[in-house]
Amino acid sequence: MTAAPMTLRRRGRRWDWSGYVFLLPWFAGMLFTVVPFGASLYLSFTDYNLLSAPRWVGLDNFVGMINDERLRASLVVTFVYTFVSVPLSLVAALVVALLLNKGIRGLPIYRAVFYLPSLLGGSVAIVMLWRQVFGTNGIVNGFLGLFGIQGPSWVSDPQTALSVLIMLNIWTFGAPMVIFLAGLRQVPLMYYEAAAVDGASRWHQFRSITLPLISPIIFFNLVLSVIGSLQTFTQGYVMSNGSGGPANSTLFYNLYLYIQGFNQFNMGYASAMAWLLLIIVAVFTGINFLAQRFWVFYES
């Protein structure tokens, strides 16, 4: 009677140790971030310009954010970008995944073609190409000119500059598409067969079978996409030449953080902004995890 529990405990102990062994690379990597992490927290309470020793100022950096108009503008730009581009990119990814899930020929080729933009969308070269396409003499205005329409300089107009970057983010839906496609492949066919026998339409099958069963995949893509959008930097930097213009229309939060830290050498203020961004990301992630209990279905 005692041998079996002892064996289970030993097996359980070995399993615990094996888990820690697999986590060792993560712990080793974390050691390289602990010092910068602590230094950033300390600098957020100081006045530091990289040239002189940090001077303790307490909460002055955080209080100063309240009256910083450019910081508020950067938050608005970042939130608009996130709330518009993330849902549209996820919808585009799901629609394409549903089409590819029909078992068409050459699926690996189509999958690679649609996935490729997600690898290149955040690169400097692609953003510069996108800037040329939507420039005054770009391809878009050239196409509009065929119909006698004089298009604006999309990237130089405050009303359209952010929209160009939103379209760029939607265009890079390949990563969530691949994850959606993998999730769709895991939905048992017997559910659709039973629904078809009962006379359910394609729409009812999608709404009552597909969406609930892939809702954990939707939630996973949603969390990752929101976190990624809140940290957008390269697109705004390249599109505006690092200024966030025109008229702060592409001034993402991370870009303004970079301007404060490396253009104006307000490293203490930039560190405080970094911690504010951490709080914002944590809040959005927490909201998603709290809300998922109302719409995410776990089959188990």
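Each value in this text was obtained by applying a stated rule to the coordinates, not by laboratory testing. Quantities reported herein were computed from a predicted structural model and do not represent experimental measurements. Using ideal geometry, Cβ is built from the backbone for each residue, glycine included, and neighbour counts are taken over all protein chains shown.
Brief remarks follow.
- Exposure proxy ranking, count of Cβ atoms within 10 Å, fewest first, for Trp130, Trp203: Trp203, Trp130
- Cβ charges +1 (Lys, Arg) and -1 (Asp, Glu), total dipole of the stretch 69-294, debye: 300
- Farthest positive-ward along the chain dipole, Cα basis, beta-carbon charges - from Gly199, Met177, Pro188: Pro188
- Per residue, the convex hull volume that the Cα atoms of the stretch 69-294 enclose (Å³): 151
- D_trans [Stokes-Einstein, Kirkwood Rh over alpha-carbon pairs] for the stretch 244-300, 25 °C, 0.890 mPa s, µm² s⁻¹: 181
- Restricting the calculation to Cα atoms, the stretch 64-158 yields a radius of gyration followed by a Dmax of 18.4, 59 Å.
- For the stretch 69-294, the residue among Gly148, Ala125, Gly103 whose Cα projects farthest onto the positive side of the dipole built from Cβ charges is Gly103.
- Local electrostatic count, Arg111, Cβ distance below 15 Å [Lys/Arg +1, Asp/Glu -1]: +3
- When Rg and the Kirkwood Rh are both derived from Cα coordinates, the Rg/Rh ratio for the stretch 181-274 amounts to 1.34.
- Evaluated over the stretch 131-196, the Cα radius of gyration and Dmax, each in Å: 20.0, 56
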